[in-house]
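The structure under discussion appears below in the form of structure tokens.
The values are calculated or read from the model by the stated rules, or taken from the named source; none is laboratory data. What you see is a predicted model; the values in this text were computed from it and never measured. So basically every Cβ, Gly included, is an ideal-geometry build from the backbone, and we count neighbours across all protein chains shown. Heavy atoms of the whole protein, side chains included, go into the accessibility calculation; ligands, DNA and RNA do not. Shrake-Rupley method; radii C 1.70, N 1.55, O 1.52, S 1.80 Å.
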Amino acid sequence: MAEPSARLELLDNDGARTLAGGRSENLKLIEQRFGVHIGQRGNVFLISGEPDRVELAEKLLGQLNQLIQRKYPLGLEDVEQASKVLLADPAADLKDIFLDTVYVTNRNRPVTPKGFNQKAYIDAIRKHDIVFGIGPAGTGKTYLAMAMAVASLVERRVKRIVLCRPAVEAGEKLGFLPGDLAEKVSPYLRPLYDALHDLVAPLAFMRGRTLNDAFVILDEAQNTTTEQMKMFLTRLGFGSKAVITGDATQTDLPVGKASGMLEARQILRDVEGIRFCEFTDRDVVRHPLVQEVVRAYELAASKKP
């Protein structure tokens, strides 16, 4: 093994164990991402490799330790996302992102942004009444919106949460499905049910409603028609906030039917008070292979005539 190029010594042995992770999984991940070798002797970390990579890995370990000292429950996913942040911007301060707690779950797990775009998304929701979160699966668009909605409800800034999804049928119309309204739309809303049990409204049945003092989330918005999107946006009432999330690459509308979300992005981009937040495959916070899957499909789509 080469002589260590950097030496990081921690004062807290428990913190050192948390930083390394079970079976040193955190250190192994950092080694892979930065192309360095990290040896550990108790609370001392020895880093070797290319000087610029060693410097960056040392900075990452130091900042992750600061998070641990602030009682942040560091996990392997956090190390992965923190690595992305510093590789993209070596001058970044992880505390500004990872310690911006949106909500604390009933398992005492803080919900926080995991990167620049998620942080910008959270800040946009705080400052604007209508926010679009557009990007691929796994970027936290819906989950963060749900966390912001729950926080607003708990803090009594809104009186209710309304969850919506466009119902895009595959063959059968809603009217021909068995059961009452709730049973008909339940399959479309299941992903939102999994995040929160509260007031749920299918987009197709919102016409005529005005939503006051509500936090409204429209999920899978790429599947809205022009008319549905206009209807949704004009239902917003006083004291309310709307977050619209969608993936432009996953449209299930009939061929030739324009996406209301994509049209809104063009029509409303310059409207003051409305913010569009764009996510890319680099913002994926699921298993690292999900990012590669997204990239592979985007590449394949770009090659189609």
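Let me make sure I get this right: for region 1-89, a, b and c are the square roots of the gyration tensor eigenvalues over alpha carbons, sorted descending. Under 1.5 in a/c it's rounded, otherwise prolate if a/b > b/c, else oblate. Which is it?
In terms of gyration-tensor shape, oblate.
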- Note on the structure: The long-range amide H neighbours of residue 244, using H built 1.01 Å from N in the peptide plane and a cut-off of under 5 Å, are 131, 132, 133, 218
- Message: What's the magnitude of the charge dipole for region 111-166 around its Cα centre, counting Lys and Arg as +1 and Asp and Glu as -1 at the beta-carbon? Answer in Debye, nearest 20.
- Response: 120
- Note on the structure: A correct Karplus calculation of ³J(HN,Hα) over region 84-96, with 6.51 cos²θ - 1.76 cosθ + 1.60, θ = phi - 60°, whole Hz and x for Gly and Pro, returns 4, 4, 6, 5, 7, 8, x, 8, 5, 10, 4, 4, 5
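For each pair in 114/257; 59/84; 141/241; 84/119, compute the distance between the two Cα atoms and list the pairs where it is over 24 Å.
Exceeds cut-off: 114/257.
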- Message: At 0.36 nm per residue, and after removing the present C-alpha to C-alpha distance, how many nm does the segment from residue 257 to residue 71 gain when stretched out fully?
- Response: 62.0 nm
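I want to verify the translational diffusion coefficient of region 51-160 in µm²/s; compute it with Stokes-Einstein, Rh as the Kirkwood radius over Cα pairs, at 4 °C and 1.567 mPa s. Let's see the in-between values first.
Details: Rh = 15.1 Å.
The diffusion coefficient I find is 86 µm²/s.
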- Task: Kindly sort 34, 276 by accessible area of their heavy atoms, largest first, with the probe set to 1.4 Å.
- Result: 276, 34
